[in-house]
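Everything on this sheet refers to the single structure shown next.
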Amino acid sequence: MYTGARLVNLRFFPNNSFSFDLTQQDEEQQEPLSSVDIVPEVPFNLEEFIAENVNSSMLDLSMKELTGQDMGALAEALRNNTTLTTITIDESEIGDEGLQHLINALETNTALKTLEMGSNKFEENALQPLADSLKKNTGDFNLEGVGVDTLLTISSFCAEYRAFENLIRIRPIPEYDPLADAITLLKDMRSKSVMSDMIPKSSQCRIIKDTFEYDRHTVDTYWIDYPVRSFQKNSDKLFIYLHGGGYLIGDIHSYSGFECELSRMFNESFLHVEYRLSPEHSVPAAVNDTIAVYQILLRQGISPSQIIIIGDSAGGGLALLTIQTLVTQQLQIPSGVIVLSPWSDLTASGESFIHNIEIDLLFTHDDVRWVTAQVLANNQSPHNPHYSPLFGSFKGFPPMYITVGTAELLYDDSKRVFQKAQEANMNVIFEEGLHMIHIYPLFFSFFPEAQNTLNNINQWIQIHFQAN
C-alpha cells in the first residue's frame, strides 16, 4: 500500500467508475478518510443534449434511456432543424410512444436523410404508420436495422400519388366559425363542394332525373349511363349509388363524374339517390329514402339479383344500414354491396382514430367530432346501431366488397366491419390501399392505385354476377 499520500475524496459514478484525490502526507500523520462522495445518477436530459448539438449534422442517441417526453422533445427539434441529417438510436428503448413522436416529427422535417435504428425492433403494425410518415417526407431515408419489409413499400410508391398528396396539402381550406349556426354553415358548405372540379363529368355521359314518391314524400334520383344505353328492367344490372359527405353534404353535382366513370368501367347503369341530409333530417330518414327507392324498383319488375348497392364514406355507412334494415324487416336483399371507406362507427372508437391522426390528409379529430355532432343533433347515441352500423348485425348480408386506405382515421371502421362480417360467416372481400387516403378510389384519374382498386372491384362484380 502506498502510504505517502492521503485519500481525501472518493467519488462513485453511475457507470461504476470512480475517481479519487490524493494529497502527499507522511505515514505517521495519516488521518481517517475525510469524505466519501457517492454521485447520484443523473437522468439523461435530451433537451440539454439537443441544445448542445443543435448545429451538428449528427445526433447519436445510442444506449440512452429515452422516455416519451424525451422523444417529444426530439420531435420538436426535428420540426425546426435544418442541419441535422443523421440520427442514430441504437440500443435505445424508445417504445411505442417514442416511435409515434418520431413518426410525427418525420412528416415535417426534410433535412434528415439517415435514421439508424439499429437493434430497435417493432411489430409490423407499429411500423406501418412509420412507413406512411416517411413516404410523405422528401428525404431519401436509409433505415438500418429495422428489419421489416413494410418499409420497403415506400421506395416503390408512385410519383403520381406523391403529387396528388401535395395537391391535397396545398388546397385552400375554407375557414368556418364553429360557433356559427350549423344550418347556415352547411348551406354554404353545400354550395362550395369542389368534388366536381377534381372529378369532372364526361360530356358523353347521360344523366336523367327521376323522382320517386312514397308516403307523400318524394326522393330525387338520377339515372347515369356512360355510354348512353337503354336500361332493360328484366335483364340489365343496376347499381344504386349512395354518396358520401358525412350525411351533411353531397349531391349529384359532386358525384356525377365518378359515377359516370363507374358506369363506363362496369358497363352498367347507375341510379344516384339524393337521400335526405342531416341535421335537417335524421340518418334513419336517409335509410327510409334508400329502401323506398329500392322497393319501388322491385315493384317495377327489377329483380333483387340485378341490383348492387354501392356507397362511399357516409354513403358506405348508409349502404350497410340499408342492408341491415332490409334483413331486420325480412325484405328481399340486393345481390351485393360495395363500400368504399364506410363510416360505420360514430363513436370514433377505432385505434386508427388515434394512430392515423398525423397522416390523414383529409380529416382531423375536430372535423369528425363536428360532423358527428350534427348527425346526432337530436341527442341520439353514437352507439345506436341505427346510426353506427358497426354495432348492428351482419347476418344475412349479401356478398360484400370493402375498400379502405391504411392512412385513414376511419381505417378501423372498415376493418372491424370486415371482421364482424367474417364472424357472421358472410362472403366478404377486404382490400387495403397501403398508405392511401380516405375514399381513394374516387381519385382514379390521379394515381394508378385508385384505378387498380376499381379494376379489382370490377373483376369481383363480373365473377359475382356470373355466379348468380
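Structure values in brief
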{"read-out": "Around Ile338: net Lys/Arg minus Asp/Glu count, Cβ-Cβ under 12 Å", "value": "-2"}
{"read-out": "Arg216, Arg162, Arg369, reordered so the largest accessible area comes first (probe 1.4 Å)", "value": "Arg216, Arg369, Arg162"}
{"read-out": "Probe 1.4 Å, protein heavy atoms only - accessible area per residue of region 337-440 in square angstrom", "value": "38 Å²"}
{"read-out": "Rounded percent of accessible protein surface that carbon and sulfur make up, region 323-441, 1.4 Å probe", "value": "49 percent"}
{"read-out": "Sum of side-chain charges, Tyr247 neighbourhood, beta-carbon under 11 Å (Lys, Arg +1; Asp, Glu -1)", "value": "0"}
{"read-out": "24 Å Cα-Cα threshold exceeded, pairs from Lys209/Lys237; Lys201/Lys237; Lys233/Lys420; Lys187/Lys209; Lys395/Lys415", "value": "Lys233/Lys420"}
{"read-out": "Accessible area (Å², 1.4 Å probe, nearest 10) - Arg416", "value": "60 Å²"}
{"read-out": "Global form of region 370-463, assessed from the alpha-carbon gyration tensor, a/c cut-off 1.5", "value": "oblate"}
{"read-out": "Accessible area, probe 1.4 Å, largest first, for residues Asp215, Asp70", "value": "Asp215, Asp70"}
{"read-out": "Ile183, Ile338, ranked by accessible area, largest first (probe 1.4 Å)", "value": "Ile183, Ile338"}
{"read-out": "Relative contact order (percent, whole number), region 227-298, Cα cutoff 8 Å, 6+ residue spacing", "value": "34 percent"}
{"read-out": "Kirkwood hydrodynamic radius of region 220-369, Cα pairs, Å", "value": "16.2 Å"}
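The values are calculated or read from the model by the stated rules, or taken from the named source; none is laboratory data. From a predicted model like this one, the values you see are computed outputs, not experimental measurements. For neighbour counting, all protein chains shown are included, and Cβ atoms are generated from backbone atoms with ideal geometry for every residue, glycine included. Keep in mind that these areas ignore ligands, DNA and RNA; they rest on the heavy atoms of the full protein, side chains included. Shrake-Rupley method; radii C 1.70, N 1.55, O 1.52, S 1.80 Å.
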